[in-house]
1. Report relative contact order for the stretch 20-116 in percent, whole number only (criteria: Cα-Cα under 8 Å, sequence separation at least 6).
2. Mind ordering 33-43, 205-215 by average Cβ neighbours within 10 Å, highest first?
3. At 7 Å along Cα-to-Cβ for each site, give me the label-to-label distance between A6 and Y34 in nm.
4. Taking Cα pairs under 8 Å and at least six residues apart, what relative contact order does the chain come out at, in percent?
5. Would you mind getting me the FRET efficiency between T117 and S200? Use the beta-carbon distance for r and R0 = 41 Å, nearest 0.05.
6. Which FRET efficiency value, to the nearest 0.05, is calculated for T128 and A148 with the Förster distance at 22 angstrom and r the Cβ-Cβ distance?
7. Of N211, N116, Q104, whose Cα points farthest to the positive end of the dipole of the chain (charges on the beta-carbon: +1 Lys, Arg; -1 Asp, Glu; origin at the Cα centre)?
8. So how strong a dipole does the chain carry about its Cα centre when Lys and Arg Cβ are +1 and Asp and Glu Cβ are -1, to the nearest 20 debye?
Amino acid sequence: MAETIAPMEGAGRASLRAGQTDEVFRRLWASLFYSGRPVGKSVMVCAADEGEGASTIACGLALAGSTPAGSARVALVDFNLRGPTVHRLLRAPQAPGVSEILVQGLAPESAAQRVNTSLDFYAVGNPTGRLPEVLRNDKLSEFLSTLADGYDHVLVDVAAVNHYPDAQVLAGVVKDVLLVAYTDRTPREAVAQAKKRLESSGGRVVGLVLNMRTYPIPGFLYRRV
Ligand SMILES: Nc1ncnc2c1ncn2[C@@H]1O[C@H](COP(=O)(O)OP(=O)(O)OP(=O)(O)O)[C@@H](O)[C@H]1O
Ligand SMILES: [Mg+2]
């Protein structure tokens, strides 16, 4: 699956505006989960390089998938231990979250933050000084399978795979990956490298999002060529 997302006005300034989650993310959600290809309950959203839009897309997808029309129970997990931003997009606290669940044994339900009737958010928590403990934690797969049992879909945001090993660690557990690339900025080789890294760790790229795609030719003409 390959989908495109155009630049969105005002994205990320403070939070995702409701309007932004409408059309584009609903289409992406349907394309990811309901187009007949085998995709698991849990999907990691990951970019090759930094700042390409992984968190924006993970968050927009989770909001779109958890609307009444989507009628699914969704968990959104911020596993970006390097630069977490999802809590800001959702205007939610950063802790407690994944770090406390994995390192201190906090019960997942105690860290779940209710975003709407069908979306729970698991923030990154406070990973400072605990990165090795969080990443090499036996409880990681237990935590993620608890979420997969409790929700219809689980989306996991993570730091860029070509910069940090975190996405590879997670790919071995989550398996399915939605790869995000910044159109016209991410080199083809970086995307290929990201795919190779994810696959070498047991991941499977189930889709590619070309973010920030612009159309220099007007849409009605573009569709004819
Ligand atoms: N389609 C879009 N339209 C407008 N702005 C966007 C879009 N996608 C991402 N952005 C903006 O680009 C910046 C980086 O996006 P984001 O934080 O989602 O990237 P990331 O891949 O998660 O970065 P990081 O590597 O830091 O985790 C943010 O300011 C965000 O608002
Ligand atoms: Mg991010």
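Values in this text are rule-based calculations from the coordinates and carry no lab data. These numbers come from a predicted model, not from an experiment. So basically every Cβ, Gly included, is an ideal-geometry build from the backbone, and we count neighbours across all protein chains shown.
1. Numbers: 65 pairs, mean separation 20.4, N = 97.
With pairs under 8 Å counted, the relative contact order is 21 percent.
2. Details: 33-43: 14.3, 205-215: 18.0.
Output ranking for 33-43, 205-215: 205-215, 33-43.
3. About 2.3 nm separates the two model spin labels.
4. Values: 432 pairs, mean separation 67.6, N = 225.
Result for the chain is 30 percent.
5. Details: r = 39 Å, r/R0 = 0.96.
The value I calculate is 0.55.
6. On the way: r = 28 Å, r/R0 = 1.26.
Rounded to the nearest 0.05, the efficiency is 0.20.
7. Farthest towards the positive pole: N211.
8. 540 debye
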